[in-house]
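Enquirer: Here it is: the structure, laid out below.
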Protein chains: 2
Amino acid sequence: MKLATLKNDTLDGRLVVVSRDLERATEASAIAPNLLAALQDWSRCEPLLRQLYQALNAGQAQDAFDFDPAQAAAPLPRAPQWCDASAFLNHGRLMEKAFNTDPIPDMDTIPVMYQGASDDFLGASEDIPLPDEAHGIDFEGEFGVIVQQVPMACPPELALRRIALVVQINDVSLRGFGPREMRTGFGFLHAKPSSSFAPVAVTPDELGPAWEDARVKLPLHIDYNGQWFGHPNGAEMNFGFDRLIAHAALTRKLSAGTVIGSGTVSNADRAAGSACIAERRAIELIEKGKSTTPFMHFGDRVRMQATAADGSAPFGVIDQRIVKAPAPTV
Amino acid sequence: MKLATLKNDTLDGRLVVVSRDLERATEASAIAPNLLAALQDWSRCEPLLRQLYQALNAGQAQDAFDFDPAQAAAPLPRAPQWCDASAFLNHGRLMEKAFNTDPIPDMDTIPVMYQGASDDFLGASEDIPLPDEAHGIDFEGEFGVIVQQVPMACPPELALRRIALVVQINDVSLRGFGPREMRTGFGFLHAKPSSSFAPVAVTPDELGPAWEDARVKLPLHIDYNGQWFGHPNGAEMNFGFDRLIAHAALTRKLSAGTVIGSGTVSNADRAAGSACIAERRAIELIEKGKSTTPFMHFGDRVRMQATAADGSAPFGVIDQRIVKAPAPTV
């Protein structure tokens, strides 16, 4: 099943069911006004949404309309929590070199995860407004999951059953702040502005054999200003989403609609390229003694697409431009 | 003006206006269904709520009822963001000693701040469910502000005008996780379960001369299991809330209803005591070579009350018990 959110005059937008080929959509407001409400009552809503999805795919949904992914908001424009891991250790190790930070203790056995802002997620085609090119603007291609409510101290095997949807994310990052914010020990704040989401959230079954071991085993194709940048595969994630959810929930409940991210997809094989500029810069530093790829400028574009075995894009496509934020007024 | 939230069957609860003496309340649902909605439309709602407040204080509000602070939810049971600083440097320096962590670079000139979970705030009299006494359970007495929407890169002088309400907070902390989570650089996650809020949020003018320089210049009285623990004053905050809001907003907008915390209130004068156990333990370590005060056990209680010059408690009282969380089931 595939779901998307279109904008209306509410913070949560309106829920639509999208056909498997992303060509058509139909309103789901008779089932739930928005995706957050559906997730809060998932055991009731999920089978009803699935019926609608089957009818839509069969060309039998009433009031179906052409789906324009450029009109999609993030599946959850606001979410209760956004906890983002760094679950590809290949990336983490390269970033330690790039940031010249101390090795993280126990990174092989305990996931590292930061809490990010979840009140202002961007849609797949929305411009990314930022105040200053000097902040070291970067993209990060990731996968994520959206959960039903998860109780405090939930073990991984129970956490797995609470995964409602899988998503594809651009975790926009400002590298100029990262090293200092890490050294404070308080974690990322300036370094992590609003994240963006591919247009469509999908149920795990929709990914077929590409959903295995609570991982998305698909290549994530990254193009930067129209050039290939990388296609690392989600299969190399060192912790599955079941482990990441359990980690996030150890001392708190996770409200329905919480989003858990994988961190930048990264593969040991350097031929796979990278899903963020900072990682390429780290590799340049290691291989050539110097980073040569600059961070993003206003006007630069990034395109991200997970690609299934049949060549399709199960989540649709993220294609965004960096722009200068307007001057602050109130 | 004083506002509170009573529980109903929605995530945001229902908004009530509370009399200055906290004795009476009246429904504000004709103005806004809940506090979050009021903050999203504050320029319309604030004068209407203030009229109701004046009528209530004059004994002229229709349908007024006795206010029971024990029934209050957090003013915002869910907030868009929760960014908590460590703006009392006396506390920060003591914690560096207690955690044996490296000094934070630039702590004197740049606020340190972490992003916490904001989807599940507790009311002032609610039990605090936690999974394990071995995690080093602690309280932290703080002040905070709730803002209207703040634009990205907002300067402090503009930020000051976006403060809608002032609140009093118990930022529950699990000290067993703090040092490791700080060393990862990713910040606090396990170390920061749900925070709790005093029953009443107040407009800055309600504090009279105790609101000055964007600080709450009141002593915060902490009792632990019925014994005095401290009464540090908010006046010694090294950064005002205007600076803290501007810091939080440098690379992101803050949605209306975002909560910005001061961090543990802490004074250089040791006779003022402490607003958290970890700080007392750090002082014990420094003064006696060893920490002797244990962290909290299930059943332990903490009471927190900011006290005005006339002896009143402008925010009401936090009085909470630590309990064992139920086993996770779904």
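The values are calculated or read from the model by the stated rules, or taken from the named source; none is laboratory data. As the structure is a computational prediction, the values presented were derived from the model and not from experiment. No Cβ is skipped: glycine too gets one built from the backbone with ideal geometry, and neighbour counts run over all protein chains shown. Just so you know, the surface numbers come from the protein's heavy atoms only, side chains and all, with ligands and any DNA or RNA stripped out. Shrake-Rupley method; radii C 1.70, N 1.55, O 1.52, S 1.80 Å.
Enquirer: Please specify each residue of the stretch A:164-183 satisfying the condition of being open to solvent by 10 Å² or more (accessible area, probe 1.4 Å) and either within 7 Å of chain B (Cβ to nearest Cβ) or hydrophobic (A, V, I, L, M, F, W, C) (or both).
Expert: Answer for the stretch A:164-183, where residues must be open to solvent by 10 Å² or more (accessible area, probe 1.4 Å) and either within 7 Å of chain B (Cβ to nearest Cβ) or hydrophobic (A, V, I, L, M, F, W, C) (or both): A:F177, A:R180, A:M182, A:R183.
Enquirer: When you scan the stretch B:307-330, how many residues do you find that are touching a residue at least 40 places away in the same chain (Cβ under 8 Å) and out of contact with any strand residue (DSSP E or B) (no Cβ under 8 Å at 6 or more places or on another chain)?
Expert: Residues that pass the stated criteria total 3.
Enquirer: Right, here's the next one. Considering only the stretch A:289-298, state which residues are more than 17 Å from A:F229 (Cβ to Cβ) and modelled with pLDDT of 95 or more.
Expert: If the condition is that a residue be more than 17 Å from A:F229 (Cβ to Cβ) and modelled with pLDDT of 95 or more, then A:F298 is the only one that fits.
Enquirer: Looking at the structure I just gave you, is A:A134 within 14 Å of another protein chain (Cβ to nearest Cβ), more than 20 Å from the chain's Cα centre (by Cα) and outside any loop (DSSP other than H, G, I, E, B)?
Expert: Yes.
Enquirer: Considering B:A30, B:A87, which residue is modelled with pLDDT of 95 or more, small (G, A, S) and under 30 Å from B:E236 (Cα atoms)?
Expert: Selected residue: B:A87, the only one of B:A30, B:A87 that is modelled with pLDDT of 95 or more, small (G, A, S) and under 30 Å from B:E236 (Cα atoms).
Enquirer: Out of the residues in the stretch B:95-112 that are open to solvent by less than 10 Å² (accessible area, probe 1.4 Å) and among the hydrophobic types (A, V, I, L, M, F, W, C), which is nearest to the other protein chains (Cβ to nearest Cβ)?
Expert: In this case the residue turns out to be B:V112.
Enquirer: Could you pull out the residue among B:Q81, B:Q40, B:Q51, B:Q71 that is polar (S, T, N, Q) and without any contact (Cβ under 8 Å) to a residue 12 or more places away in the chain?
Expert: B:Q51
Enquirer: If you check B:T292 against the conditions, is it open to solvent by 40 Å² or more (accessible area, probe 1.4 Å) and more than 17 Å from B:D132 (Cβ to Cβ)?
Expert: yes
Enquirer: Does any residue in the stretch B:204-215 that is at positive phi and in contact (Cβ under 8 Å) with a residue 40 or more places away in the chain come within less than 9 Å, Cβ to Cβ, of a residue that is in a helix (DSSP H, G or I) and not basic (K, R) six or more places away or on a different chain, and which pairs are these?
Expert: That search, which allows pairs on different chains as well, returns B:A214/B:P156; B:A214/B:A159; B:A214/B:L160; B:A214/B:P204; B:A214/B:F241; B:A214/B:D242; B:A214/B:L244; B:A214/B:I245.
Enquirer: Tell me the residue from B:R161, B:R78 that is touching a Pro at 6+ places or on another chain (Cβ under 8 Å), open to solvent by 40 Å² or more (accessible area, probe 1.4 Å) and basic (K, R), please.
Expert: Matching residue, one of B:R161, B:R78: B:R78.
Enquirer: Here's a follow-up. Tell me yes or no: at least one residue of the stretch A:10-25 is among the hydrophobic types (A, V, I, L, M, F, W, C), within 30 Å of A:N267 (Cβ to Cβ) and in contact (Cβ under 8 Å) with a residue 60 or more places away in the chain.
Expert: Scanning the stretch A:10-25 turns up at least one residue that is among the hydrophobic types (A, V, I, L, M, F, W, C), within 30 Å of A:N267 (Cβ to Cβ) and in contact (Cβ under 8 Å) with a residue 60 or more places away in the chain.
Enquirer: Please find, among A:G123, A:G92, the residue that is more than 11 Å from chain B (Cβ to nearest Cβ) and touching a residue at least 40 places away in the same chain (Cβ under 8 Å).
Expert: A:G123 is the lone residue from the list that is more than 11 Å from chain B (Cβ to nearest Cβ) and touching a residue at least 40 places away in the same chain (Cβ under 8 Å).
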